[in-house]
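Visitor: Here's a structure for you.
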Amino acid sequence: MSILASSLSRIKPSPTIAVTAKARELRAAGKDVIGLGAGEPDFDTPDNIKEAAIKAIREGQTKYTDVGGTPELRKAICGKFKRENNLDYTPDQIIVGTGGKQVLYNALMATLNPGDEVLIPAPYWVSYPDMVLLAGGEPTFVEAGPNQGFKLSAEALDKALTPKTKWLILNSPSNPTGAAYTRDELAALGEVLKKHEHVWIMTDDMYEHLVYDGFEYTTIAEVCPALYDRTLTVNGVSKAYAMTGWRIGYAGGPVELIKAMNKIQSQSTSNPSSVSQAAAVEALSGPNDYIAERNEVFQARRDLVVKMLNDAEGLHCPTPEGAFYVYPSCAGCIGKTTPDGKKIENDTDFVTYVLESVGVACVQGEAFGLSPHFRISYATSTEALTEACTRIQKACAALK
């Protein structure tokens, strides 16, 4: 009899974490590898946020807090939702977790029964399907490919929903594509969802502030107030505030759902770090001029990467609206042969070839549910990105 739970056989380790670990391992072995797999800003946490954490430590804010977050942080989150998203929440409608991933996982654990379906547009963040499976539900997928700008259309949504659909997950801007929904696109999805009153909506808004070219960010509960009572609006401080390691995510939603999520959290991790929560209060309430300044850098990096990848033989790279990822197609490289005689059969073969031949680590599209593509994170220096894209061009040119 195995010590391991049978449910583990339904899931796989995170491919994005695996790529980052592989790049780190190769560098430790003396290989010249540029890692473009991690979804993590290379900027440091701003000083005012660091100082808030140091102050909290010095004042002894190092004890347990309320399971779902300190009153101060939940109040700050309510202020953020009102100020930036025109959403009215009270503190009892807010939960704070150890990163956005835990908040999403808690919601699924608290709501899914065997046979319940969760509709996930593909390509998707790698963890969504596995979290659904661990929670006992069934992930179902609807393709949102490059011809749709990597965004779910109202027509496709209407066809994909079933009587068993409990949740729709919407991620905007998207990981892995950077695609972001306009107000009109969200309104069209909302009209469909109004007709399906049994379907709840889970938004992953983690990249909200990372949008470019004057894009106007909106979230579906803001655009479609009729869906407010069955929407869980999830966000966090990881990306815009360069606080990935601080591990603070949060959500606003109906009181009954938030209570259920608190119940799950109370029997798993309990409260998030007290010091991280104090830092998050400052992130959400303090000055944040650095976001716009850093976005200018991210946009310039995006433009550089898009241009250089489009200049590579066999690649096509759309220009995303936000986040810090591009999701180019490598269809033009499929079927070609590497200099050592190996045939490129799929996007996994392609990223393996790029890593082994020119030392650039990226993530295959198969991991995100839509091939033949691959994901590059441009959350690293311009110099590293220029060198990486030059190497990718070289690798593509060597294919026959």
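The values are calculated or read from the model by the stated rules, or taken from the named source; none is laboratory data. Computed from a predicted structure; not experimentally measured. Positions of Cβ are backbone-derived with ideal geometry, glycine not excepted, and every protein chain shown enters the neighbour counts. Accessible surface is based on the protein model in full, side chains and every heavy atom, while ligands, DNA and RNA are left aside. Shrake-Rupley method; radii C 1.70, N 1.55, O 1.52, S 1.80 Å.
Visitor: If the only charges are +1 at each Lys and Arg Cβ and -1 at each Asp and Glu Cβ, what is the size of the charge dipole of the chain around the Cα centre, to the nearest 20 debye?
Guide: So the dipole magnitude of the chain works out to roughly 880 debye.
Visitor: Still on this structure, I have one more. Apply the a/c threshold of 1.5 to the C-alpha gyration tensor of the range 260-337 and tell me whether it is rounded, prolate or oblate.
Guide: Oblate, because a/c is 1.5 or more while a/b does not exceed b/c.
Visitor: Calculate for the chain the 222 nm mean residue ellipticity that helices alone would give, adding -39,500 (n - 2.57) per DSSP H run of length 4 or more and normalising by residue count, nearest 500 deg cm²/dmol. Mind dumping the intermediate values first?
Guide: Details: 13 runs with 159 residues, N = 400.
For the chain, the value works out to -12500 deg cm²/dmol.
Visitor: Tell me the angle of helix 382-398 to the major Cα principal axis of the chain, expressed in degrees between 0 and 90 and rounded to the nearest ten.
Guide: The two axes meet at around 40 degrees.
Visitor: If packing is taken as the average count of other Cβ atoms within 10 Å, what order do 216-227, 163-174, 290-301 fall into, highest mean first?
Guide: 163-174, 216-227, 290-301
Visitor: Which entry is the computed mean projected area of the Cα convex hull in nm² for this structure: [x] 20.8; [y] 18.2; [z] 19.8?
Guide: Working out mean projected area of the Cα convex hull in nm² from the coordinates points to [x].
Visitor: For the chain, take the longest principal axis of its alpha carbons; what is the angle in degrees between that and the long axis of helix 47-58, to the nearest 10 within 0 to 90?
Guide: 50 degrees
Visitor: Between Ile3 and Asp92, take the C-beta separation as r, use R0 = 60 Å, and let me know the FRET efficiency to the nearest 0.05.
Guide: 0.90
Visitor: Turning to a different aspect of this structure: Too long at a 23 Å Cα-Cα cut-off: which of Lys50/Lys263; Lys50/Lys75; Lys195/Lys259; Lys166/Lys194; Lys75/Lys259; Lys12/Lys263?
Guide: Beyond 23 Å: Lys50/Lys263; Lys195/Lys259; Lys12/Lys263.
Visitor: Whose amide H sits under 5 Å from the amide H of Leu170, counting only residues 5 or more places off or on another chain, with H placed in the peptide plane?
Guide: Met202, Thr203, Asp204
Visitor: Tilt of helix 255-266 relative to the longest C-alpha principal axis of the chain, in degrees (0 to 90, nearest 10)?
Guide: 70 degrees
Visitor: Give me D for the range 59-180 in µm² s⁻¹, whole number, from Stokes-Einstein with Rh from the Kirkwood sum over alpha-carbon pairs, 20 °C and 1.002 mPa s. Please list the in-between numbers first.
Guide: Values: Rh = 16.4 Å.
Once the numbers are plugged in, D ends up at 131 µm²/s.
Visitor: Also, I was wondering about something else. Amide H to amide H, which residues 5 or more places from Tyr250 or on other chains are under 5 Å from it, using H placed in the peptide plane?
Guide: Gly97, Asn235, Gly236
Visitor: When N counts the residues of the range 1-72, how does its alpha-carbon radius of gyration compare numerically with 2.2 N^0.38 Å, as a ratio?
Guide: Cα Rg divided by the expected 2.2 N^0.38 Å: 1.78.
Visitor: Now for a separate question. When the accessible area of the chain is computed with all protein chains present and a 1.4 Å probe, what percentage of it is carbon and sulfur?
Guide: 53 percent
Visitor: Going by average Cβ density within 10 Å per residue, which order do the peptides 236-243, 273-280 take, highest to lowest? Write out the running numbers ahead of the final one.
Guide: Working: 236-243: 24.2, 273-280: 22.6.
Per-residue Cβ counts within 10 Å, averaged per peptide and sorted highest first, yield 236-243, 273-280.
Visitor: To continue, here is another question. What is the antiparallel percent of DSSP beta bridges lying wholly in the chain, to the nearest 5?
Guide: In the chain, DSSP labels about 45 percent of beta bridges as antiparallel.
Visitor: So what are the range 1-136's ellipsoid semi-axes, whole angstrom, largest first, if each one is the square root of 5 times an eigenvalue of the alpha-carbon gyration tensor? Mind dumping the intermediate values first?
Guide: Values: eigenvalues 191, 140, 57 Å².
With the √(5λ) rule applied to the range 1-136, the semi-axes are 31, 26, 17 Å.
Visitor: What is the distance, in nm, between label points placed 7 Å from the Cα along the Cα-to-Cβ direction at Thr269 and at Glu293?
Guide: It works out to 3.0 nm between the two label points.
Visitor: Please compute the modelled spin-label separation between Arg24 and Asp303, points set 7 Å along Cα→Cβ, answer in nm with one decimal.
Guide: 3.4 nm
Visitor: Given R₀ = 51 Å, FRET efficiency for Ala398-Asp44 by Cβ-Cβ distance, to 0.05?
Guide: It comes out at approximately 0.85.
Visitor: Go through the range 209-218 residue by residue and turn each phi into a ³J(HN,Hα) via Karplus (6.51, -1.76, 1.60, θ = phi - 60°); whole Hz please, and just put x for glycine and proline.
Guide: 7, 9, 10, 10, 6, x, 4, 8, 7, 9
Visitor: Another one. Amide H neighbours of Glu138 under 5 Å, at least 5 residues apart or on other chains, H built in the peptide plane: list them.
Guide: Gly115, Asp116, Glu117, Val118
Visitor: Now for a separate question. Given an 8 Å cut-off on Cα distances and at least 6 residues of separation, report the relative contact order of the range 138-208 as a percent.
Guide: Across the range 138-208, relative contact order equals 37 percent.
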